[in-house]
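Reading through the structure tokens given below for one structure.
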Amino acid sequence: MSRRRSRKKPVDLTALELSIEGQSLQRKIITIYFAISFVPFVVIYWIFYRYVPDKLYSPQVALLYLMLLALSLTGYFLLKRWVRNILYIVSGMRRILSGDLHYRLNVDSRDEIGEMAKGLNDLVDELEKSMEKLKASKKLLEEVLMKIGEGLAGSSTIDGFLELMVNTIAQALDARVARLWLVDEEKQELYVKFISGGRKSEIGARRVPIGKGIEGWVALEKKAMCLPRRPASRGHVFSADEEDPTIVCVPLLFKDRLLGVLSVEDKYSGENFTDDDLLILNNIGTQTAVALENLRLNEDVEKTYMETLSALAIAVEAKDPYSRGHSKRVSEYAEKIARKMNLSEEQISIVRDAADMHDIGKIGISDEILHKPGPLTAEEREIMNKHPVIGEGILRPVRSLRRLCDAVRHHHEWLDGSGYPDGLKGNEISIEARILCVADVFDALTSDRPYRKAMSIKEALEEIGRWVDKRYDPKVFSALCEVLKEEGKIE
Ligand SMILES: [Fe+2]
Ligand SMILES: [Fe+2]
């Protein structure tokens, strides 16, 4: 028997212990063997002594003893070898169990001991492969969770986070399609909220009743499911279809409350999803459900804050009959101008929401200044001009309102840099702020003020037109004119 040592050679106390135990075991077995081997000698001696004493010291008996001795010695060496092999295997097993998965037994005998060693090697091979797969799965899971964590920190809305998560899952599981289904409590249905790799038209349109189909079953039973390509394994719950892809599907549960379902279909490699994939998706599902719930709670809080701010903005205006409804009207003009200028939906929503809040900072200005019937002194003007900065300070703490801060802060900036609070020039002022500025002035000029009557639309446009290029963006101004023309307010 030859032996190959492991690549690693650590000081192995277990092996040392075994070698002491092994030596003592080997000694015990050999002692017993010799004790047993001694019996035939005694028996032969006794037979000759009892029945043919005259032949007791004959050459034939001596030859018999010699043969017995030779047999005993052969037996001794064979036994020693077997015992040593068994001890070697036991020592190898212990070494493997202590964590050295690179160690392999090398026994060249073809008997049962050889087979045992080979079986053990095969077992360790499998174990090593499983360990490697497990390590790879763990790494993948860590990477996915890290990406999701980063996404969670970086996304300002639930939607941004969920979209990133669905894309990450599809990538991580090497899947053609990943879907996130959310629950429609009223209709007791699941609907596709996000999809990666499939038809985008499914979003919001594809619906499954809870309890029907694979996703419906997962939602109803609140149990994960991993299905291979073969339809036979689907059982009676589903219709058998030869073309159905392999699928892995998990429920999104928060404190046993169903929030949705994650389903992933069809591996690029053509293989079936494995239990490892299911485990990964389950882990992601758990994290996602917690994040989803947290984001929802946050959005609820932010929604309440936003509603409170809107109420405050209206309250500020309500105190002054001259500015009542100002923000609402500015918001409507600003949105129309933004649409006319073909801004993106995201920009339009910023313009609209920022207009609603643009003078919220006036909460911080005293009523004497705010409602002074005559012109303001230089000192009072300075205080009044702080309202964009105060407004920004009110909005900034709320993550979802941060997108409005720029337009609110800069709605009194002018193109030539003579505006406030930062004296920005030209393109330094965002398009949202430039639109807001024109809409704000237009509504102010066309409203009554304590010190003057409202201008007509024509007069207001003439007044703004005088300042185009110096204060106001010409493109914004022409968009406003077009809007008013379309509404039949000017010719
Ligand atoms: Fe303002
Ligand atoms: Fe205003």
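The values are calculated or read from the model by the stated rules, or taken from the named source; none is laboratory data. The shown structure was predicted, so the numbers you read here are calculated from the model rather than taken from an experiment. Neighbour counts are summed over all protein chains in view; Cβ atoms, including those assigned to glycine, are modelled from backbone coordinates with ideal geometry. Keep in mind that these areas ignore ligands, DNA and RNA; they rest on the heavy atoms of the full protein, side chains included. Shrake-Rupley method; radii C 1.70, N 1.55, O 1.52, S 1.80 Å.
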**Prompt:** Is at least one residue of region 390-402 farther than 20 Å from Met306 by Cα, open to solvent by 40 Å² or more (accessible area, probe 1.4 Å) and in a loop (DSSP other than H, G, I, E, B)?
**Reply:** no
**Request:** Would you mention how many residues in region 298-332 are closer than 30 Å to Glu482 by Cβ, assigned to a helix (DSSP H, G or I) and within 14 Å of ligand 1 (Cβ to nearest atom)?
**Result:** 7
**Item:** Sole exception among (1) assigned to a loop (DSSP other than H, G, I, E, B); (2) modelled with pLDDT under 95; (3) among the aliphatic types (A, V, I, L, M) for Leu415, by number
**Value:** (2)
**Prompt:** Which ones in region 88-108 are of a type outside the set (A, V, I, L, M) and either touching a strand residue (DSSP E or B) at 6+ places or on another chain (Cβ under 7 Å) or open to solvent by 70 Å² or more (accessible area, probe 1.4 Å) (or both)?
**Reply:** Arg94, Ser98, His102, Asp108
**Message:** Consider region 403-421. How many of its residues are more than 14 Å from ligand 1 (Cβ to nearest atom) and open to solvent by 40 Å² or more (accessible area, probe 1.4 Å)?
**Reply:** 4
**Enumeration of residues in region 346-366 that are touching a Lys or Arg at 6+ places or on another chain (Cβ under 8 Å) and part of a loop (DSSP other than H, G, I, E, B)** = Ile365
**Message:** When you scan region 154-175, do you find a residue that is at pLDDT below 75, farther than 30 Å from Glu221 by Cβ and of a type outside the set (Ser, Thr, Tyr), even just one?
**Reply:** yes
**Asked** If you go through region 322-363 one residue at a time, how many are surrounded by fewer than 19 Cβ atoms within 10 Å (Cβ to Cβ) and within 15 Å of ligand 2 (Cβ to nearest atom)?
**Response** 7
**Item:** In region 261-275, residue nearest to the chain's Cα centre (by Cα) [restricted to those that are open to solvent by 40 Å² or more (accessible area, probe 1.4 Å) and of a type in the set (D, E, K, R)]
**Value:** Asp275
**Asked** In the list Ile348, Ile394, which residue meets the criterion of being farther than 21 Å from Leu445 by Cβ, in contact with a helix residue (DSSP H, G or I) (Cβ under 9 Å, 6 or more places away or on another chain) and within 15 Å of ligand 1 (Cβ to nearest atom)?
**Response** Ile394
**Prompt:** Which pairs have Cβ atoms under 6 Å, sit 6 or more apart or on different chains, and link a residue in region 441-462 that is in a strand (DSSP E or B) to one that is open to solvent by 50 Å² or more (accessible area, probe 1.4 Å)?
**Reply:** Arg449/Tyr322
**Prompt:** Considering only region 109-150, how many residues are open to solvent by 100 Å² or more (accessible area, probe 1.4 Å) and in a loop (DSSP other than H, G, I, E, B)?
**Reply:** 1
**Request:** Can you run down the residue pairs with Cβ atoms below 8 Å, 6 or more apart or on separate chains, where the first is in region 298-312 and of a type in the set (Ser, Thr, Tyr) and the partner is at pLDDT 80 or above?
**Result:** Tyr305/Val398; Tyr305/Leu401; Ser310/Asp356; Ser310/Met357
**Asked** List the pairs whose first member sits in region 379-391 and is basic (Lys, Arg), whose second member is near ligand 1 (Cβ under 9 Å from one of its atoms), and whose Cβ atoms are under 9 Å apart, counting only residues at least 6 apart or on separate chains?
**Response** Lys386/Gly361
**Request:** May I ask you to verify whether Ile435 is under 44 Å from the mean Cα position of the chain (by Cα), within 16 Å of ligand 2 (Cβ to nearest atom) and not acidic (Asp, Glu)?
**Result:** yes
**Pair list, Cβ under 7 Å, 6 or more apart: region 268-297 residue over 11 Å from Leu141 (Cβ atoms), other residue modelled with pLDDT of 80 or more and open to solvent by 70 Å² or more (accessible area, probe 1.4 Å)** = Tyr268/Arg176
**Request:** Could you pull out the residue among Leu64, Leu101, Leu140 that is of a type outside the set (Lys, Arg) and at pLDDT 80 or above?
**Result:** Leu64
**Request:** Among the numbered conditions (1) modelled with pLDDT of 90 or more; (2) open to solvent by less than 40 Å² (accessible area, probe 1.4 Å); (3) out of contact with any Gly (no Cβ under 9 Å at 6 or more places or on another chain); (4) away from ligand 2 (no atom under 12 Å from the Cβ), tell me where Leu424 comes up short.
**Result:** (3)
**Asked** Are any residues in region 367-378 in a loop (DSSP other than H, G, I, E, B) and either within 16 Å of ligand 1 (Cβ to nearest atom) or in contact (Cβ under 8 Å) with a residue 24 or more places away in the chain (or both), and if so, which ones?
**Response** His371, Lys372, Pro373, Gly374, Pro375, Leu376
